[in-house]
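Input: a single structure, listed below in structure tokens.
The values are calculated or read from the model by the stated rules, or taken from the named source; none is laboratory data. All figures in this text were calculated on a predicted structure; none of them were measured in a lab. As a convention, Cβ positions derive from the backbone with ideal geometry for all residues, glycine included, and neighbour counts pool all protein chains shown. Just the protein is used for accessible areas: all its heavy atoms, side chains included, with ligands, DNA and RNA removed. Shrake-Rupley method; radii C 1.70, N 1.55, O 1.52, S 1.80 Å.
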Amino acid sequence: MNNIDEVLKKYGLTMPQPPKVAGIYEPVKEFGDNFCFLSGCIPCFDGVMCMTGKLGKEINVEQGQEAARMCALNLIANLQLKYGSLEKIKRIVKITVFVAGTDTFYDHPKVANGASQLFIDIFGEEIGRGARSAIGVNALPLNAPVEIEMLVELN
């Protein structure tokens with residue numbers, strides 16, 4: 001695993017505080033012997049929305065990738081809160097990336113690449129490169145452009 005502080009500095013990113021729970025759910029839910037599922041995170045930083053709108057309208061692909069990276073950071077913050085360290089992460093099994101876009105926006109996978117690349121940069125190729133789905137949706141909570149949920153295998 002790469003040093004998370006070095007990776008964040010390289011990309012001009014800062015680790016957010018774990019997002020506050022905004023409903024009746026758990027941010028990280030363990031199941032089986034070695035797995036946890038992470039509830040969806042949107043692009044907010046310390047509780048403040050970073051970006052709103054739809055891809056193909058107010059937001060371009062590069063901005064969408066930035067939103068996806070912010071979602072990924074919030075997922076990592078939830079993992080750190082739950083486990084105290086990222087050393088417990090054996091591998092990212094799968095991420096599901098929901099992208100709010102116009103009816104003519106078709107670059108959902110390019111947006112998802114923002115999160116996928118950050119996970120690889122932080123965890124390394126073997127741990128950070130999981131399976132993935134990029135799904136276009138009409139709307140997301142709080143008018144977020146991206147929401148990401150994740151399945152992780154634990155050591």
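The table below gives the values:
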| quantity | calculated |
| --- | --- |
| Identity of the residue in segment 23-46, open to solvent by less than 80 Å² (accessible area, probe 1.4 Å) and over 15 Å from the mean Cα position of the chain (by Cα), that ends up nearest to residue 144 (Cα to Cα) | 23 |
| Odd one out for residue 88 among (1) free of Cβ contacts under 8 Å to residues at least 40 places away in the same chain; (2) more than 17 Å from the chain's Cα centre (by Cα) | (1) |
| Total residues in segment 15-51, condition assigned to a loop (DSSP other than H, G, I, E, B) and either in contact with a Gly (Cβ under 7 Å, 6 or more places away or on another chain) or in contact (Cβ under 8 Å) with a residue 24 or more places away in the chain (or both) | 14 |
| Filter result (under 24 Å from residue 91 (Cβ atoms) and basic (Lys, Arg)) within segment 17-52 | 29 |
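Each row is one residue, and each column tells you yes or no for (1) open to solvent by less than 30 Å² (accessible area, probe 1.4 Å); (2) not acidic (Asp, Glu).
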| residue | (1), (2) |
| --- | --- |
| 84 | no, yes |
| 91 | no, yes |
| 96 | yes, yes |
| 102 | no, yes |
| 111 | yes, yes |
| 118 | yes, yes |
| 125 | no, no |
| 149 | no, no |
